[in-house]
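Here's the structure we're looking at; comments come further down.
The values are calculated or read from the model by the stated rules, or taken from the named source; none is laboratory data. Treat the numbers as computed from the prediction; the structure is a model and nothing was measured. All Cβ positions, even for glycine, are placed from backbone atoms using ideal geometry, and neighbour counts span all protein chains on display.
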Amino acid sequence: MIKSSLIKKISLLASAMIFSLSISGCRDNYKIKDELPIKNFVEISGQLQDNEIDTGRQGKIGIYDPVDKSLLEEILTDENGNFNLKLEKKPLIEIGTETYIRKVILQARLFDENNNPSSYVRTTILSREDSQNRLIRVVPYDGLKENSITPEQFIEFVKEVNLSMRKWNLNDFQGIEILNKNPLDGAQFTQEQQNNIEKIILDSDNSDFYFQGKPIKIQKDNPSTLESEKHYKSLEGLSEMDMDKNWIIVAPTKREDISGLGRYQLGDDSYKNSGIILLKNINELLVLHEFAHVLLGWHSKVLPPTLTVLYAPWNSEDWEKYGEQYLRNPGFADNKLALMLYEENYMSEEKLENILSMKFLPN
Ligand SMILES: [Zn+2]
């Protein structure tokens, strides 16, 4: 064994750095320590995939310095999206008497055979320890042109609907309880209405939109449902929902001021963890619209009601203009947003610009 002080000297001379992850020192950097030998380059590898079909596609990878955003390395993937590079210009930083290896920024984008960009730019931070075999998923431009939307318009739509990218953790999701009676105002669903709501939720055209095709448990209450089988305590104070985690409650309502309502509550981990939907009638678009509030986000004005069930406000002028074109299933924009939001590689409350950017750095 060589003494650590000697290693320090050798390290400095040969610039063969020795490091381990520093937890307290600096969150974005690696402290160089005495225990572990490291190479004088960082190996970065992985596959670039389209987030909608989860398949490797051809594109470009850029690696940037996190402080001055300068380009450190840039490579093209192979036709299946695979990439592998050695980062020689490993960024170092001195803080006090310690030396750190900085984390780097990775950006990625698909390019088509004519070398035109065919996806948004995905931005993510790479640390030395997770720089290999990375799965990088980007949101493709697929379908935008066919639906007469520009990439910029889709970004505007997402900003309106869910700027903070809040979502459910679908792996923890438990189920949907459709009440037969609202305990507050006495409004009731008939069995047929409960069945219709269930049918809309389970409709195969809606399943991707709702729960990414995951099987969903639906509980339809009746007058003999036991208290212990219910997943809510009260519907009072909808903003402070007293209900079981990872359940959505669907209840009838007599409220005069609304035809429907959809709300969710955030958990401590910034994932949504309970939701409520109030419905006055079982109009397909209304059911879809309120579910979209709980699952996807707020209203949209930038895209028309032919592309999203979240279009609002509904008024007589719009009904005249769009009439029968109003959706009976989630629209193109809803599905594209749902696929993006529920991409497992993206976290709840991840920065939108890290997922839907139009340019590589520096921009
Ligand atoms: Zn609404």
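Points worth noting:
- Any hit, the range 73-88, residues being within 22 Å of the chain's Cα centre (by Cα) and not assigned by TED's automatic domain parsing to the domain that holds Ile258: yes
- Residue among Asn283, Asn273 that alone is out of contact with any Pro (no Cβ under 9 Å at 6 or more places or on another chain), surrounded by fewer than 21 Cβ atoms within 10 Å (Cβ to Cβ), closer than 30 Å to Gly186 by Cβ and polar (S, T, N, Q): Asn283
- Breaking point among (1) over 22 Å from Leu48 (Cα atoms); (2) at pLDDT 95 or above, for Thr99: (2)
- Some residue of the range 321-341 being free of Cβ contacts under 8 Å to residues at least 24 places away in the same chain and among the hydroxyl-bearing types (Ser, Thr, Tyr): yes
- Looking only at residues of the range 19-75 that are assigned to a loop (DSSP other than H, G, I, E, B), over 15 Å from Asp130 (Cα atoms) and of a type in the set (A, V, I, L, M), we find that the one that is modelled with the lowest pLDDT is Ile23.
- Trp298 surrounded by fewer than 16 Cβ atoms within 10 Å (Cβ to Cβ) and either at pLDDT 95 or above or among the aromatic types (Phe, Trp, Tyr) (or both): yes
- Within the range 309-363, the set of residues being among the basic types (Lys, Arg) and crowded, with 18+ Cβ neighbours inside 10 Å comprises Lys336 only.
- Filtered residues of the range 294-321 (kept if within 12 Å of the ligand (Cβ to nearest atom), within 11 Å of Asp334 (Cα to Cα) and not in a loop (DSSP other than H, G, I, E, B)): Ser300, Tyr311
- Residue ID - farthest from the ligand (Cβ to nearest atom), chosen from residues in the range 230-279 that are touching a residue at least 60 places away in the same chain (Cβ under 8 Å) and among the charged types (D, E, K, R): Asp269
- Some residue of the range 156-164 being assigned to a strand (DSSP E or B), modelled with pLDDT of 95 or more and aromatic (Phe, Trp, Tyr): no
- Residue, modelled with the highest pLDDT, within the range 303-344, restricted to residues that are more than 16 Å from Asp142 (Cα to Cα) and small (Gly, Ala, Ser): Ala312
- Considering the range 215-274, and only residues there that are among the hydroxyl-bearing types (Ser, Thr, Tyr) and closer than 25 Å to Ser348 by Cβ, the residue that is modelled with the lowest pLDDT turns out to be Ser239.
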